[in-house]
Ligand SMILES: C[S@@+](CC[C@H](N)C(=O)[O-])C[C@H]1O[C@@H](n2cnc3c(N)ncnc32)[C@H](O)[C@@H]1O
């Protein structure tokens, strides 16, 4: 899309251009991960995060009666750090490794290259879209994937709904403009009443489309999707849009093409959506609970037994970042969506 002065575009188009424009899009031109980048994700904080995910996947596969062939799909694999550790962990479980057909769905060509170099495995297929998957059972992993998809924002003023747009007065001067919006017609189109008991809505058409495709793939065969993301469980939606650059919040409009734009997922909205798509079950917990139940502390004790004090301290310092309630432990939530007959609850059981 070419943007000219005085253009007025919807917020989701603005985010799409800012993050994925072929020339200047944030994810297209740079690898933003890590201490030297703009933000850091859990797999880049500690390898133990990815090890816990590997153990969870293997356990789920066992619960599915160890199918001889199945698809593991990582959605948006960033710099490939998580998949690198998954592949290394899987190699210690040969029966699982033989059965597992690993796929990555990645939009950024630059990040695909980085992933190929980081993971360095011939066993991975990069997908352009989910229709390329074969018919085997599917386990999807989405760590900070959905929060990177563009959203629309709708605001209720009095009794009338408005959709947020961005006006490009000039390259350097942009402003939000809210334009009256026919919510009733939109809800008929998407076959879902998003406005029920809401005054403010954040809705991602792309996320809805992905969830529809994914639930379609897992509805008959008891596969599932594990979503780990910035999320909240309140029923009332709120304005959570934010931009991050060099590990600090910045202005969404001013940093067009130069910052990561994200939002907090409403797990309540996702839950309602998937239950419209079919008879699915969902489990929700915090990242702290999930990783603790999977045994991240015990694993840290084992690997750090013979380490020097400073290295051992670093291992536990990194885990603290992942599970501390004031850091990622509560801000990040985990949601597991499956066929309603699913009995697998590892990481979510309340005992
Ligand atoms: C915030 S990053 C998270 C990366 C990684 N999962 C991690 O935790 O480090 C979002 C990732 O999703 C990718 N992505 C965003 N939209 C996508 C889409 N529609 N299809 C495939 N990948 C997408 C981005 O390029 C990036 O790799």
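The values are calculated or read from the model by the stated rules, or taken from the named source; none is laboratory data. It should be emphasised that the depicted structure is a prediction, and the values quoted were computed from it without experimental measurement. Here Cβ is always computed from backbone atoms with ideal geometry, including for glycine, and neighbour counts include all displayed protein chains.
Can you tell me which of (1) at pLDDT below 95; (2) touching a strand residue (DSSP E or B) at 6+ places or on another chain (Cβ under 9 Å); (3) within 22 Å of residue 25 (Cα to Cα) is the one residue 112 doesn't meet?
Every listed condition holds for residue 112 apart from (1).
Being within 23 Å of residue 80 (Cα to Cα) and either more than 13 Å from the ligand (Cβ to nearest atom) or modelled with pLDDT under 90 (or both) is the filter here, so list the residues in segment 1-20 that pass it.
none
What residue, of 133, 111, is more than 9 Å from the ligand (Cβ to nearest atom), buried (at least 17 other Cβ atoms within 10 Å of the Cβ) and within 20 Å of the chain's Cα centre (by Cα)?
None of the others qualify; the one that does is 133.
Among what's in segment 86-96 and is in a helix (DSSP H, G or I) and touching a residue at least 12 places away in the same chain (Cβ under 8 Å), pick the residue that is surrounded by the most Cβ atoms within 10 Å (Cβ to Cβ).
At the first step, the residues of segment 86-96 found to be in a helix (DSSP H, G or I) are 86-90, 94-96.
Subset that is touching a residue at least 12 places away in the same chain (Cβ under 8 Å): 86-87, 89-90, 95-96.
On the way: 86: 25, 87: 20, 89: 20, 90: 21, 95: 12, 96: 19.
Result: 86.
Being more than 16 Å from the ligand (Cβ to nearest atom), farther than 17 Å from residue 223 by Cα and at pLDDT 95 or above is the requirement here; does residue 90 meet it? Full working, then the answer.
Values: more than 16 Å from the ligand (Cβ to nearest atom): yes; farther than 17 Å from residue 223 by Cα: yes; at pLDDT 95 or above: yes.
Here the answer is yes, as residue 90 does meet what is asked.
I'm checking my understanding of the structure. Among residues of segment 149-170 that are surrounded by fewer than 22 Cβ atoms within 10 Å (Cβ to Cβ) and not in a strand (DSSP E or B), which one is nearest to the ligand (Cβ to nearest atom)?
Among them, the one singled out is 150.
Can you pull out every residue in segment 106-122 that is touching a helix residue (DSSP H, G or I) at 6+ places or on another chain (Cβ under 7 Å) and closer than 24 Å to residue 66 by Cα?
If the condition is that a residue be touching a helix residue (DSSP H, G or I) at 6+ places or on another chain (Cβ under 7 Å) and closer than 24 Å to residue 66 by Cα, then 121 is the only one that fits.
Can you pull out the residues in segment 57-85 that are part of a helix (DSSP H, G or I) and under 17 Å from the mean Cα position of the chain (by Cα)? Spell out how you get there, then give the answer.
Pass one, segment 57-85, residues part of a helix (DSSP H, G or I): 57-63, 81-85.
Within segment 57-85, 57, 81, 82, 83 qualify.
Looking at residue 103 and the list (1) in a loop (DSSP other than H, G, I, E, B); (2) without any contact (Cβ under 8 Å) to a residue 40 or more places away in the chain, which single condition is not satisfied?
Looking at each condition in turn, residue 103 falls short on (1).
Within segment 96-103, identify whether any single residue is within 16 Å of the ligand (Cβ to nearest atom) and more than 19 Å from residue 294 (Cβ to Cβ), and answer yes or no.
The first filter runs over segment 96-103 and keeps only residues within 16 Å of the ligand (Cβ to nearest atom), leaving 102-103.
Right, trim to more than 19 Å from residue 294 (Cβ to Cβ) and you get 102-103.
Among the residues of segment 96-103, at least one is within 16 Å of the ligand (Cβ to nearest atom) and more than 19 Å from residue 294 (Cβ to Cβ), which makes the answer yes.
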